[in-house]
Amino acid sequence: MDTTKTAAPTAPEADAAEDKPDTAAPAGPEDTAAPAAETDAAETDASAEPAGAAAEETGEDLDADEADALPERPTGVGSAAAAVTAAGLGLVALSGSWVARVIGERQTLIGQIESANATTAKEKIAALYGDAWHMTALVNGLLAALALLLAALVLAAPAFGAPGRVHPTWVRSVSWAAVALGVLGVLLFGLMYFDLLVPLPTAAE
């Protein structure tokens, strides 16, 4: 009778076999889902960047088109220049312009020539002085009237322009000053021209 027994595996070897990790275990659903999610996120970011850039470019194009489509608003430079010019003309008219002086001197020379044929003292005075004074008053009065007209046009311009448009305060102030100077010049030189303010002197016959 064969009493030989087969040697049983030792306990440490069996424990080592049981503790060896299973490297062939299949991946679970959670492990496969993570890489897929990362891939989708990368694709979304890649597709979102060009879309954002395109939106910015489109917005810039729209802003440029809208800026080109807007009408240019008047700056008011012409009205300001007209107001200053009117005030200057009013001052020149009251102080006496160079043009009026030259025309007056020319008329004086004409009066000296005509005075040779004058028979009375009144005619001589009128020829030598009266005509020249009248011509000077006429030229200065025309300058004052021009200043008045120009200032009135500046003040009335907003009524015929864009609704709600008003001139700056200083432009209105200068325009009203020009109106005052123009009215004063027209009245003063008008009275002088018709010999109502400073009549010609008379001489005894």
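The values are calculated or read from the model by the stated rules, or taken from the named source; none is laboratory data. Keep in mind that this is a model prediction, so the values were computed, not measured. SASA here: full protein model, heavy atoms, side chains in, ligands and nucleic acids out. Shrake-Rupley method; radii C 1.70, N 1.55, O 1.52, S 1.80 Å.
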(request) Arrange the residues 160, 189, 194 by how much accessible surface each exposes, largest first, with a 1.4 angstrom probe. (result) 160, 194, 189
(request) Express the accessible area of segment 145-190 per residue in Å², computed with a 1.4 Å probe while the remaining protein chains stay in the model. (result) 58 Å²
(message) Heavy atoms of the protein only, probe of 1.4 Å, neighbouring chains included. What is the accessible area of residue 133 in Å², nearest 10?
(response) 120 Å²
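What percent do you get for the relative contact order of segment 126-182 when only Cα pairs under 8 Å and 6+ apart count?
46 percent
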(message) On the principal axes of its Cα set, how long, how wide and how thick is segment 92-205? Give whole Å, largest value first.
(response) 66, 23, 21
